[in-house]
Amino acid sequence: MTLREQVGELLPLLDCAFPADIVAVLGDFLGRVQGAGDVVLLLADYELRELRPLPASGGKRLEPGAPIGINESEPGAAYQGQVIVTSTRGDRIQVHVPVTLREERFGVLSASLPGPVDANVLEGLAALGIVLGYVILAAGRYTDLFEMARRRKPLSLEAEVQWGLQPVRAFGGTQLSLAGQLVPAYDVGGDSYDWVVNRDAAMVSAVDAMGHGLNASMLGGLAVTALRNGRRAGLGVAERVSFADRAVQRQFGGSQFVTGLALDIDLSRSTAHAVNAGHPLPWRIRDGQAFPVELDVQLPIGLFEATRYVAQPFELEAGDRLLLISDGVLDATPTGGEEFGEARLEAAFLATANDPPHEAVRRMVTVLLDYQHGDLHDDATILILDWHGDAAEVAAKPSVAAGSQPEPPSTD
């Protein structure tokens, strides 16, 4: 029986395990069926800079270990490249396996295996990485252990509110892929983003509430929830923004507002409809060039009782990459320096053009934080969406032959 087939035996064990024992159960299973040792689950931190370990060895307890830098380690190479990375350690093989679900990158599973490690074992470990993605996603509904392990320090109250509103940070499908991130992770206030993929459309939004702190977080939370509620009621993009506008205006009487960008993409046609409510313009990469998508800027959400919003159409082409940001990106300013601005934004966006969205977002966050020399003074949103083509275009593309994926890299 191959390891991939044996993974089926692990599922009921994980289902019955107490949350704190999940990693230990995983280690026991891999030790029994594969002779594995030193099994560690590494979770990406909120700023996507470190992998934070939860070792399974030494008893059934989750003992946090020293963080591992993503940019300078074998597990980090597995995380960035989304490939299995192996290296030889005497008569054993160190294996690092991405733990990913539909491009939502949770972290890396690392283990020491007796050599040699053949293709069937690597295939089984890859399947196990997907299974763990489902386990971690589900575990977030009934335990804080995994969430707390990802944090370098406690979140502020306003950040806790905002992170509680977030969807998963990445998604991949046949017609589109996307990824998003809030920065700084531990102190965000009014920024948020949301997205959903339904049968016929993908719907994406980003909001930025005025002010800072808990009040901005609550204001942004109301706008996001109103947009989400309108979406689930079947409202179109302009109607959703109008609905959110009325909700915020009724609550705050026009004294506070939210900027927002809402975008609907028709999955059967390469067409998008957008409402820009006082928000920075989205950017697009096409044919190697980066430029803003010119949309009329309409009134921010919540200022007036009867604001009428109009959806604006624009065409997409297969291969387009879109970037949604908040003004915290453009306004980032180091002490004694100048704003990050559009020229640096364009350069950072183009520099990541060949990366998948999740890695492009991570690299852009790193560029922004490095430019600021630490935490930003205002929170910021970075969201990247790749359009692969509408249903007819995707169906017409040649499929990738089985077994044509690149060989897992070795660091030997």
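Other residues lying with their Cβ under 14 Å from the Cβ of Phe252 contribute a combined charge of 0, Lys and Arg counting +1, Asp and Glu -1. In this structure, the amide hydrogen of Gly107, modeled 1.01 Å from its nitrogen in the peptide plane, lies closer than 5 angstrom to those of Ala44, Val99, counting only residues at least 5 positions away or on a different chain.
Throw me the Rg/Rh for the range 87-184, computed over C-alpha atoms with Kirkwood Rh, two decimals.
1.06
What is the extension gain from Met1 to Tyr142, computed as 0.36 nm multiplied by their sequence separation minus the C-alpha to C-alpha distance, in nm to one decimal? So the extension gain works out to 47.4 nm.
The overall shape of the range 138-192 is oblate: from the C-alpha gyration tensor, with semi-axes ordered a ≥ b ≥ c, the ratio a/c is 1.5 or greater and a/b is no larger than b/c.
Between the range 366-398 and the range 175-250, the alpha-carbon centres lie 17 Å apart.
Sorted from longest to shortest, the spans of the Cα atoms of the range 157-396 along the three principal axes equal 51, 44, 30 Å. The phi-based Karplus calculation (6.51 cos²θ - 1.76 cosθ + 1.60; θ = phi - 60°) puts the 3J(HN,Hα) values of the range 108-115 at 9, 9, 10, 7, 9, 10, x, x Hz, whole numbers, x for Gly and Pro. Normalising the Debye intensity of the range 1-154 to I(0), with uniform scatterers on Cα atoms only, and taking log10 at q = 0.08, 0.09, 0.13, 0.15 Å⁻¹ returns -0.19, -0.24, -0.53, -0.72. Rounded to the nearest 20 debye, the dipole size of the chain about its Cα centre is 940 debye, using +1 on the Cβ of Lys and Arg and -1 on the Cβ of Asp and Glu.
Amide H to amide H distances under 5 Å link Ala36 with Gly31, where only residues 5 or more positions off or on other chains count and H is placed in the peptide plane.
If you model the range 267-325 as an ellipsoid using its alpha carbon gyration tensor, with each semi-axis the square root of five times an eigenvalue, the axes come out at 25, 14, 7 Å, biggest first. Entry for the range 314-402 at q = 0.12, 0.18 Å⁻¹: log10 I(q)/I(0) = -0.45, -0.80, Debye formula applied to identical alpha-carbon scatterers, no solvent contribution. Taking the Cβ of Leu51 as the center, what net charge do the other residues with Cβ under 14 Å away carry, scoring Lys and Arg +1 and Asp and Glu -1? Computed value for this residue: +2.
Using 0.36 nm per residue and subtracting the Cα-Cα separation, the extra length available between Leu157 and Ala351 on full extension is 66.4 nm. Here Glu9, Glu338 are placed in order of increasing Cβ neighbour count within 10 Å, fewest first, which gives Glu338, Glu9. Multiplying the residue separation of Glu239 and Gln251 by 0.36 nm and subtracting their alpha-carbon distance yields 2.5 nm. For His377, the residues whose amide H sits under 5 Å from its own are Thr333, ignoring neighbours fewer than 5 places away on the same chain, with H placed 1.01 Å from N.
Shape verdict for the range 152-252, please, from the Cα gyration tensor: rounded (a/c under 1.5), prolate (a/b greater than b/c) or oblate. Here the range 152-252 falls in the oblate category. In the range 114-141, which residues have a backbone nitrogen under 14 Å from the label point lying 7 Å from Asp15's Cα in the Cα-to-Cβ direction? Correct set: 135. Lys and Arg at +1, Asp and Glu at -1: add these up for the other residues within a Cβ distance under 15 Å of Arg4 and post the number. After counting each charged neighbour, the total is -4. Taking the DSSP bridge list for the chain and keeping only pairs wholly inside it, about 95 percent are antiparallel.
Distance between the C-alpha centers of the range 290-362 and the range 70-96? Whole Å please. Comparing the Cα centres of the range 290-362 and the range 70-96, I get a distance of 34 Å.
FYI, it's all coordinate maths here, none of it is from the lab. Just so you know, these numbers come straight off a predicted model, no measurement behind them. In this analysis, Cβ positions are derived from the backbone assuming ideal geometry, glycine residues included, and neighbour counts consider all displayed protein chains.
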